[in-house]
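Q: Let me begin by handing over the structure; questions about it come next.
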Amino acid sequence: MANASAAIVEDGKVVYAIAEERLNRVKHYAGFPALAIKACLGAVGAKISDIDHVAVGQDSDANLTRRCSMRWLSAKILNFIIFAKRKQAMRDVRACSRTRSR
């Protein structure tokens with residue numbers, strides 16, 4: 001699950017932090033946390049030029065099981081669709097050959 005957020009850390013301590021979803025009302029928001037950044041800066045009375053470092057957290061294994069299962073399911077569905085189309089094509093060929101032979 002993605003939850004974009006922002007925090008202000010000063011001397012190793014979190015001074016202010018907020019999740020973007022609290023401000024934009026989109027549950028588990030995964031985009032850029034613009035409103036959260038603005039709220040953090042406003043809470044401590046800072047400007048973006050006052051910031052020394054920016055960190056971005058990312059977990060490449062997040063939801064890995066779910067992503068893999070979705071890919072597996074998508075592949076199975078695609079294979080089924082291809083199989084069904086081939087089977088229908090065979091029915092059409094058989095039907096076509098029956099009408100021609102009469």
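Q: At 1.4 Å probe size, with no ligands or nucleic acids counted, give the accessible surface of Ser74 in Å², nearest ten.
A: 70 Å²
Q: From the protein chains alone at 1.4 Å, what is the descending order of accessible area for Leu23, Leu78, largest first?
A: Working: Leu23 70, Leu78 100 Å².
Order by accessible area, largest first: Leu78, Leu23.
Q: Ranked by accessible surface with a 1.4 Å probe, highest first, in what order do Ile77, Ile82 come? Write out the running numbers ahead of the final one.
A: Details: Ile77 90, Ile82 70 Å².
Of Ile77, Ile82, the descending order of accessible area is Ile77, Ile82.
Q: Can you pull the accessible area of Arg91 for me, 1.4 Å probe, Å² to the nearest 10?
A: 120 Å²
The values are calculated or read from the model by the stated rules, or taken from the named source; none is laboratory data. For clarity, every value in this text was computed on a predicted model and none was experimentally measured. What goes into the accessible areas is simple: the full protein's heavy atoms, side chains included, and nothing from ligands, DNA or RNA. Shrake-Rupley method; radii C 1.70, N 1.55, O 1.52, S 1.80 Å.
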